[in-house]
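Visitor: Before I ask anything, here is the structure I am working with.
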Amino acid sequence: MVELLIKNGFVFDPINGINGEKMDIAIKNGKIVEKVTRKAQLIDATGLTVMPGGVDIHTHIAGGEVNTGRIVRPEDHVKDVVSKTATTRSGTGYSIPSTFVTGYRYSKMGYTTVMNPSMAPLEAKHTHEELNDIPLLDKASYPLIGDWWFVLEYLRKGDLEGCARHVAWMMDITKGYAIKIVNPGGLESWGFGHNVHSIDDQVPNFCITPREIIVGLAKVNKMLNLPHSIHLHTNNLGLPGNYVTTLETMKALESVPYEGRPVGHITHLQFSSFGGDGWGNMKSAAEEISSYINAHNHMTFDMGQVIFTDTTTMTADGPFEFTLYQLSGHKWVNSDVETETSGGIIPFHYKKNNAVNATQWSIGLELALLIKDPWKMFMTTDHPNGGPFFAYPRILAWLMSKKAREATLKKCHKKAQKKSLLPSIDRELSLYELAIMTRAGQAKALGLKNKGHLGVGADADIAIYNINPETTDIARKYKSVRRAFKHAAYTIKDGQIVVKDGEVVGNVSGRTMWLDVQTAEPCRIDDEMRNKFKEYWTVEYDNYPVTDHYVKVKDPIIVKASV
Amino acid sequence: MIVLTPLRKFTFPVNAECINPDVFQGKDTAEIANLTVFEGNKQKKLSELFKIQEDGAESPTITINGDVSEVRRIGVGMKNGEIVINGNVGMHLGEKMAGGKITVNGDACQWAGGSMKKGLIEIHGNAGDYLASPYRGSTAGMKGGKIVVDGDVGSDSGAYLHGGLIKIKGNNVGQFLGFHMSDGVIHVEKNASTRLGANMTGGKIIVSGYVEEVMPSFTIDSVKPKVKVDDTESVAGPFYVFLGDLAEKGTGKLFVSKANNPHLKTYEKFL
């Protein structure tokens, strides 16, 4: 196995508290080690920034809705055609890139681990087949459990232990990594053409409220000792005034014991922080949300930043996508996935000269800057909902430079400019803080022990950027830093150089992680359950599970549950 | 002026975006000969496929003599100048064109003038499907300019039309003319086919000939003696005026000749 030595780089490794110190990183057999022999291949990182490989906690890159998105948007692909090279395969890109292009583009930015956040259990096989085809990245997927019938029934009965065993079984049959909850209760209601509008509304036919689902699953998550907390897409997402629901949700989760580990993760927080009571007076509620978050430690968040571009929205939140359709009149896809979840897809063009879109752009950045602790707030675009992931360097530029924010803000709609809190925020993030928001914090929140840091024993997933923190004033020279983040000088995956000078030069398959949750008692699988599969699902119980052979490179993570 | 003559009959599709007055401008024949094109998946020089000659005349800027029905993307995005094609031409002619003029003395294939913004395209033969329509899935239809077709036109033409004028003089027009159009004018001098103006939300379609049926999502509004095509031209009727497409809450107008469509007389009782 090749040995590698990265010499003399400025290392940013927040988990180990290393802030820009000049040091060497030794790699052997795909892991970071104390030292290597003299035969090791040398990478001269003098004057360069060395960080752990990027980790993305929330990005829609595979599965049923992603693929349907590809089908409905030929015009999205025609404007971004990618040719093959000696090492890479051809594909198409833009807002919903093909699998290979997804892998290459992430890797070019120095990312090595990504999480696909919404997998309808029924479409788990498809999702894993697509994940197998995404190269250069380690991946995992979160099954949608918040509106799964059996879970709703267990929670209604108050049988949390039974529910926990059932969720453990679901992680195994879907090869999932975390509990994903989307608009809890709302998706089940959507099957009947309704939605829930607060966390205390009743879900039809189940006599249960979103509050009970969220808190119940957070407790289940604790009982199972899952590495990540519940991954939550809040109720009323994307509607003016929804910050009230978001605050209530966060307060509801205070009832779950904290014990030093976050109990919940609210994803794409920007879409859940709208103030006002209609589209006309929609405004930012970043101040209210961030002041709550600064005073509490029990949750983590990601941005869901909006980029001004033509993108495709896709979420399991079918009722929200219907609202978007009514607003945009664009072509749309909407579905109810049997007893599990729903889904919707609509192309959407975020425009600077649209007051609502420009305010959304502002909210994302306000939240990221007003939340003081970067370990709580991570950078995402909710790809492709807020914009394609390869726009991340632009967000980094906005975060680290007030000048960059001002340059964009002055092109925005006058009404949005007036309402924006950005001019009052002077904070400019340092490379250390950016490293937390793009890798260390995300890895920690996901409970990935070998990712997001460069300590001995960690996976040798490393990104090297052409930034000299000693000579570059990143806030003023944001354009060159943006370029550097767009084209990593090196990306190293499992100890192999896969990207050099922004071009893909190597090929590594990347592993698929899932949780093998070991409970004291197995999940109760009786005739009643089998019969339900027979009656209500199109796929029978015996054919339902994703068997091991669906996963190309297997990386099961064993979790000892306390039930 | 540059004269291009195909050296042989092309069996593979040729992508020749470089055949464009804006690209040719300021280049001598040697430089033009070096421009790259793709024949199938092989990259080639323009001179490997065409004989390139220069003659003294000022206009048109580019003349193509011969059959180029396998050559795609001629004049894409052109802003100035004039292209004359003496023969049939391939797909995506003058797509996203923003000025200048293209004349085809022959037939054009699909997507001629797709998403065009300004300028003039004259097709003296027939045009294929998707005339003036955007690429599949896109909603960025033609925004301005003028397209005149002397012959027939295929289906799905004028989709997502958002401005400009399309004039069709041939006997046959395919289905779904003016699909989802929101503005602009389509004038069919002879007959049109079914699903006319489906999903339209604005603009005008004028049919001076025969229409088999009007979609049920259109409602009759009035009978008008004549209708204006543009600032300089109006057509004498009388015309039945239909409003639609109501399925899209549209306020598009469909003018159908009264004289040539006696079977639409039943609508008169709703007036």
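The values are calculated or read from the model by the stated rules, or taken from the named source; none is laboratory data. None of the values given here were measured: they were computed from a predicted structure. Note that each Cβ is placed from the backbone with ideal geometry, even for glycine, and that neighbours are counted across all protein chains shown.
Visitor: Inside segment A:1-38, can you point out the residues that are in a strand (DSSP E or B) and either within 10 Å of residue A:460 (Cβ to Cβ) or among the aromatic types (Phe, Trp, Tyr) (or both)?
Guide: Those that are in a strand (DSSP E or B) and either within 10 Å of residue A:460 (Cβ to Cβ) or among the aromatic types (Phe, Trp, Tyr) (or both): A:4, A:6, A:10, A:12, A:25, A:26, A:27, A:28, A:31, A:32, A:33.
Visitor: Then there's this: Counting only residues that are among the aliphatic types (A, V, I, L, M), surrounded by 20 or more Cβ atoms within 10 Å (Cβ to Cβ) and within 14 Å of another protein chain (Cβ to nearest Cβ), which one in segment A:300-352 is nearest to the chain's Cα centre (by Cα)?
Guide: Among residues in segment A:300-352 that are among the aliphatic types (A, V, I, L, M), surrounded by 20 or more Cβ atoms within 10 Å (Cβ to Cβ) and within 14 Å of another protein chain (Cβ to nearest Cβ), the one nearest to the chain's Cα centre (by Cα) is A:345.
Visitor: For residue A:164, which of the numbered conditions (1) at pLDDT 95 or above; (2) under 22 Å from the mean Cα position of the chain (by Cα) fails to hold?
Guide: (2) is the only condition that residue A:164 fails.
Visitor: Let me ask something else. When you check residue B:9 against the structure, is it part of a loop (DSSP other than H, G, I, E, B), surrounded by fewer than 18 Cβ atoms within 10 Å (Cβ to Cβ) and more than 25 Å from the chain's Cα centre (by Cα), yes or no?
Guide: yes
Visitor: Something else about it: With the checklist (1) surrounded by fewer than 24 Cβ atoms within 10 Å (Cβ to Cβ); (2) away from chain A (no Cβ under 14 Å) in hand, flag the one item residue B:173 doesn't pass.
Guide: Condition not satisfied by residue B:173: (1).
The rows are residues; the columns are (1) of a type in the set (D, E, K, R); (2) assigned to a helix (DSSP H, G or I).
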site: A:480; (1), (2): no, yes
site: A:507; (1), (2): no, no
site: A:523; (1), (2): no, no
site: A:532; (1), (2): yes, yes
site: A:549; (1), (2): no, yes
site: A:558; (1), (2): no, no
site: A:562; (1), (2): no, no
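Visitor: Mind counting the residues in segment A:381-425 that are more than 18 Å from residue A:93 (Cβ to Cβ) and either in contact with a Lys or Arg (Cβ under 6 Å, 6 or more places away or on another chain) or in a helix (DSSP H, G or I) (or both)?
Guide: So the count comes out to 25.
Visitor: Got a number for residues in segment A:353-376 being surrounded by fewer than 21 Cβ atoms within 10 Å (Cβ to Cβ), charged (D, E, K, R) and over 18 Å from residue A:423 (Cα atoms)?
Guide: The total comes to 1.
Visitor: If I filter segment A:449-471 for residues that are acidic (Asp, Glu), in a loop (DSSP other than H, G, I, E, B) and closer than 13 Å to residue A:55 by Cα, do I get at least one hit?
Guide: So far as segment A:449-471 goes, yes, one or more of its residues are acidic (Asp, Glu), in a loop (DSSP other than H, G, I, E, B) and closer than 13 Å to residue A:55 by Cα.
Visitor: Next up: Go through segment A:170-201 and report how many residues are closer than 24 Å to residue A:127 by Cβ and assigned to a helix (DSSP H, G or I).
Guide: Going through segment A:170-201 one residue at a time, the tally reaches 9.
Visitor: On the given criteria, is residue A:363 more than 16 Å from residue A:194 (Cα to Cα), within 14 Å of chain B (Cβ to nearest Cβ) and among the aliphatic types (A, V, I, L, M)?
Guide: Criteria not met by residue A:363.
Visitor: With the condition kept exactly as written, say whether any residue in segment A:342-362 is modelled with pLDDT under 95, touching a Leu at 6+ places or on another chain (Cβ under 9 Å), closer than 30 Å to residue A:121 by Cβ and in a helix (DSSP H, G or I).
Guide: No; the residues of segment A:342-362 include none that is modelled with pLDDT under 95, touching a Leu at 6+ places or on another chain (Cβ under 9 Å), closer than 30 Å to residue A:121 by Cβ and in a helix (DSSP H, G or I).
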